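**Q** Quick one: structure below, then a few questions.
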Amino acid sequence: MKGKVRAWRGGLFTLLVLASGHGYADVAQEAQVIVHADRPGPVIHPEIYGQFAEQLGRGIYGGIWVGEHSSIPNIRGYRKDVVDALKAIKVPVIRWPGGCFADQYDWRDGIGPRDKRPVRMNASWGGEDSNQFGTHEFMDFAELIGAKTYVNINVGTGTPREMSQWIEYMTADGHSSLAQQRRANGRDKPWKLDYAGIGNEMWGCGGSMRPQFYADVYRQYATFVHAPSNAPVVRVASGANAGDVGWTDTVMSIAGSQIDAISLHDYTIPTGDWSHKGSATQFGEDEWMSTLQGALRMDDLIARHSAVMDKYDPKKRVALVVDEWGNWMDRDPGAGDAALYQQNSLRDALSAAVTLDIFQAHADRVRMANIAQMVNVLQAMILTDQSRMVLTPTYYVFDMYKVFQGATYLPVDVQAPVYRYGNVSVPGVHATAGRDAAGVVHVALVNLDPHHADTVRLTVLGVKGSAVQGRELTASEINAINTFDHPDRVRPVAFDGATFKHGVVTVVLPPKSVVVLDLH
Ligand code: AHR
C-alpha cells in the first residue's frame, strides 16, 4: 500500500507490562506509527464513505421506507429514526436501486400515484416489489439526508432510450414532456443526478457479458447520458469482480476515453465458501482472522486494478469506485424471509476500519466506495425490527471516521508486531491519517490482535501539537453485537489511553479495537 505497514516478528519485541490503570491482564507489545503531515497527499473524497441501498429484503421496505400512514414515526414515509441516524454520520452518497436488481428495473413502474404502481416479482432476490419506493422516493430521500445521488441504470434488460428518458425525467428543466410529467408527479425542480452506473456486474447478473461486448455496450449507453451542462453526471462503467484485472484492462482499453469511473466489487466471505459463508455471530478466532485478512486484501486488489488503469490513464482522470464491498455471511437464522439479513459484530467494525484505511491510502484513484449495504442487508449500518432500530458496530466506525471526509490524506508508516493465528499472520496494527480544513490531524489506529494491547509511539512529522483526544470502539468478545434489547454493547466511548509528551503521542491501544485520535 501507499503508506507502509511493516510487521515486526515476535522476537524483536519488547514486551511491557501494561499500566494497571488500563486493566489488561495481558502484556503489551510495541508499535510505531509515523504520520507524514510534512508530505500531504490528495483529498480524501467524502464519497469513500458512501453507501448502497438495493431494493431487496428489508433494506428499503421496513428499513428506510414505511409509508406516510405507518404508525412508525416517519418523515413523509421515511423512518425518522433511520433518517436521523444517517444524517449523524454524514452519508455522502447513496447508490440505488441495485445491484442485480438494477438490471431488471423499469423506472416507469416507480413513478406516479403510489396506489397505481404495479407490483413486480423481484427476480434477483425473491418476493415482490410494490414499487412504492421509486425515483421520487429515492431522490427525495437523498436530499433529506444530504447525500449525493448514484442511480444504477438498467443495461441488462433495458435500452439506451429508457436510460436517456429516465435521466431526462430526473434532470430536465424547461418544458419537455418528461420534465412536465415529473412536475405533475410532484417535483417541480430537477434533481441533481451525480453518478450514473451503466449496468451492474455485467459479467454476471447484469447479462453474463464478456468484457469486449460490454465495453461496446458501455460506449453506446455512455453516448446517450445527456444531463444539463451545468450539472454533469459521472458515468460509472460496470467493473470487475474482485481480482479480475483482465475485465478492467479490456473495458479500459476499448471504452476508457468515455469512462469517468469504473467500479470494483469485492466481498469477504469468512469461510471462502459461498454455500456456507459462516455465521455473523457464532465464529472463532479462525474466522476472525480470515475476515480481517479478507479486508486487508483490498489493498492488493486496488493496487492491481489501478496499475492496469494507469496503462490507459496515467494521470488518473478515471476514478476507481468500489461500489460494493463488505462482509457477506450466512443469513441470520431468525431473519424469516428477509433476504441477506445478517447481524454485525465487532469483527465487522474492525474489517470496515481497515478497509476504509486502505481506501484513504489510495485516495488518488479511489474516489467513491459504497458499503453493502445501508439498512438490514449484509454489512449494514442499521438494523430494524418493526418500530425498533439498532446501530451496528460498523455504523460506529463510519461515525468515528467521518472526520476524514474531505480531509487531506497524510501518508503513514507503521511498524507493528505480527498478529498470528495458525499459519496466517498479518500486521497487528493498521493506521490512517488526515488533516481537516481546520488543521486538526486525525489518526485512526486499529489493533487487529484480539489478545494483546499495543503501546504505540505515534509521531506526526511537520506538525507541532500539544493536545490529544479521541474515541475508542471495542468490546469484551470478538463476536460482541448490538441487539434490539442490548443496543449499547459495542459503541464508542471517550479514549483516555493517549498522552502527548515531547512531540510524541504514546497510545495504549486496547486489543481488538479501533481508536480515532484528534491532535491539536
Ligand atoms: O449486494 C448484494 C449483491 O451483490 C448485489 O445485488 C450484486 O451486485 C452483488 O453480487
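The values are calculated or read from the model by the stated rules, or taken from the named source; none is laboratory data. Here the structure is a predicted model, which means the values were calculated and not measured. Glycine gets a Cβ as well: all are built from the backbone with ideal geometry, and neighbour counts include every protein chain shown. The accessibility values were calculated without ligands, DNA or RNA, using every heavy atom of the protein model including side chains. Shrake-Rupley method; radii C 1.70, N 1.55, O 1.52, S 1.80 Å.
**Q** Under the condition of being of a type outside the set (G, A, S) and outside any helix (DSSP H, G or I), which residue from the range 340-357 is nearest to the ligand (Cβ to nearest atom)?
**A** Filtering first and then ranking leaves L340.
**Q** Here is a follow-up. Step by step: first the residues of the range 249-275, then only those that are open to solvent by less than 50 Å² (accessible area, probe 1.4 Å) and polar (S, T, N, Q), then the one that is nearest to M209 (Cα to Cα). Which residue is that?
**A** Selected residue: T250.
**Q** Right, next: If you go through the range 159-181 one residue at a time, do you hit one that is part of a loop (DSSP other than H, G, I, E, B), touching an Asp or Glu at 6+ places or on another chain (Cβ under 7 Å) and within 16 Å of the ligand (Cβ to nearest atom)?
**A** Looking through the range 159-181, none of the residues is part of a loop (DSSP other than H, G, I, E, B), touching an Asp or Glu at 6+ places or on another chain (Cβ under 7 Å) and within 16 Å of the ligand (Cβ to nearest atom).
**Q** Would you mind telling me which numbered condition in (1) outside any helix (DSSP H, G or I); (2) within 16 Å of the ligand (Cβ to nearest atom); (3) more than 30 Å from Q342 (Cα to Cα) D188 fails?
**A** (2)
**Q** Continuing with the same structure: Can you find a residue that is modelled with pLDDT of 95 or more, of a type in the set (G, A, S) and within 15 Å of V322 (Cα to Cα) anywhere in the range 267-278?
**A** Scanning the range 267-278, I find no residue that is modelled with pLDDT of 95 or more, of a type in the set (G, A, S) and within 15 Å of V322 (Cα to Cα), so the answer is no.
**Q** Please determine whether any residue of the range 197-208 is under 29 Å from A240 (Cβ atoms) and of a type in the set (A, V, I, L, M).
**A** Yes: one or more hits.
**Q** Can you pull out the residues in the range 196-232 that are in contact (Cβ under 8 Å) with a residue 60 or more places away in the chain, assigned to a loop (DSSP other than H, G, I, E, B) and more than 15 Å from the ligand (Cβ to nearest atom)?
**A** F224, V225, H226, A227, A231
**Q** Any idea which of D454, D436, D488 is in contact with a Gly (Cβ under 9 Å, 6 or more places away or on another chain) and under 28 Å from W288 (Cβ atoms)?
**A** D454
**Q** Of the residues G246, G294, G278, which single one is open to solvent by less than 30 Å² (accessible area, probe 1.4 Å), assigned by TED's automatic domain parsing to the domain that holds E54 and at negative phi?
**A** Going through G246, G294, G278 in turn, just one is open to solvent by less than 30 Å² (accessible area, probe 1.4 Å), assigned by TED's automatic domain parsing to the domain that holds E54 and at negative phi: G294.
**Q** Let me confirm something: among R117, R58, R95, which residue is basic (K, R) and more than 26 Å from the chain's Cα centre (by Cα)?
**A** R117
**Q** Quick one: how many residues across the range 358-369 are in a strand (DSSP E or B) and either more than 15 Å from the ligand (Cβ to nearest atom) or surrounded by fewer than 23 Cβ atoms within 10 Å (Cβ to Cβ) (or both)?
**A** Result for the range 358-369: 3.
**Q** Follow-up. Looking at (1) in contact with a Phe, Trp or Tyr (Cβ under 9 Å, 6 or more places away or on another chain); (2) more than 16 Å from the ligand (Cβ to nearest atom); (3) farther than 26 Å from R114 by Cα; (4) at pLDDT 95 or above, which is the only condition L18 fails?
**A** The single condition L18 does not satisfy is (4).
**Q** Quick check on my filter: what residues within the range 94-137 are within 16 Å of the ligand (Cβ to nearest atom) and more than 23 Å from D337 (Cβ to Cβ)?
**A** Those that are within 16 Å of the ligand (Cβ to nearest atom) and more than 23 Å from D337 (Cβ to Cβ): I94, R95.
**Q** Where residues in the range 140-151 are free of Cβ contacts under 8 Å to residues at least 60 places away in the same chain and not in a loop (DSSP other than H, G, I, E, B), which of them is surrounded by the fewest Cβ atoms within 10 Å (Cβ to Cβ)?
**A** E143
**Q** Taking only pairs six or more apart or across chains, which ones have beta-carbon atoms under 7 Å, a first residue in the range 177-193 that is among the basic types (K, R), and a second residue that is open to solvent by 80 Å² or more (accessible area, probe 1.4 Å) and at pLDDT below 95?
**A** Once the first residue is among the basic types (K, R) and sits in the range 177-193, no partner that is open to solvent by 80 Å² or more (accessible area, probe 1.4 Å) and at pLDDT below 95 comes close enough.
**Q** Here is a further query. Any residue that is farther than 30 Å from R304 by Cα, open to solvent by 20 Å² or more (accessible area, probe 1.4 Å) and out of contact with any Ser or Thr (no Cβ under 7 Å at 6 or more places or on another chain) - is there at least one of those in the range 219-237?
**A** Yes, the conditions are met somewhere in the range 219-237.
**Q** Could you give every pair whose Cβ atoms fall below 6 Å, whose first residue belongs to the range 332-355 and is open to solvent by less than 20 Å² (accessible area, probe 1.4 Å), and whose second residue is among the aromatic types (F, W, Y), counting only separations of at least 6 or pairs across chains?
**A** Cβ pairs passing all conditions: A335/Y341; A339/W125; R347/W288.
**Q** Just the residues that are open to solvent by less than 20 Å² (accessible area, probe 1.4 Å) and in a helix (DSSP H, G or I), please, taken from the range 93-118.
**A** Residues satisfying the conditions are F101, A102, D103, W107, D109, G110.
**Q** Residues in the range 60-78: is at least one among the small types (G, A, S) and buried (at least 24 other Cβ atoms within 10 Å of the Cβ)?
**A** Yes, there is a match, as at least one residue in the range 60-78 is among the small types (G, A, S) and buried (at least 24 other Cβ atoms within 10 Å of the Cβ).
**Q** Looking at (1) open to solvent by less than 60 Å² (accessible area, probe 1.4 Å); (2) in contact (Cβ under 8 Å) with a residue 60 or more places away in the chain, can you tell me which one W125 breaks?
**A** All conditions are met except number (1).
**Q** If K90 meets every condition in (1) more than 16 Å from the ligand (Cβ to nearest atom); (2) open to solvent by 20 Å² or more (accessible area, probe 1.4 Å); (3) in a loop (DSSP other than H, G, I, E, B); (4) under 24 Å from Y169 (Cβ atoms) apart from one, which number is that one?
**A** Checking K90 against (1) more than 16 Å from the ligand (Cβ to nearest atom); (2) open to solvent by 20 Å² or more (accessible area, probe 1.4 Å); (3) in a loop (DSSP other than H, G, I, E, B); (4) under 24 Å from Y169 (Cβ atoms), the one that fails is (4).
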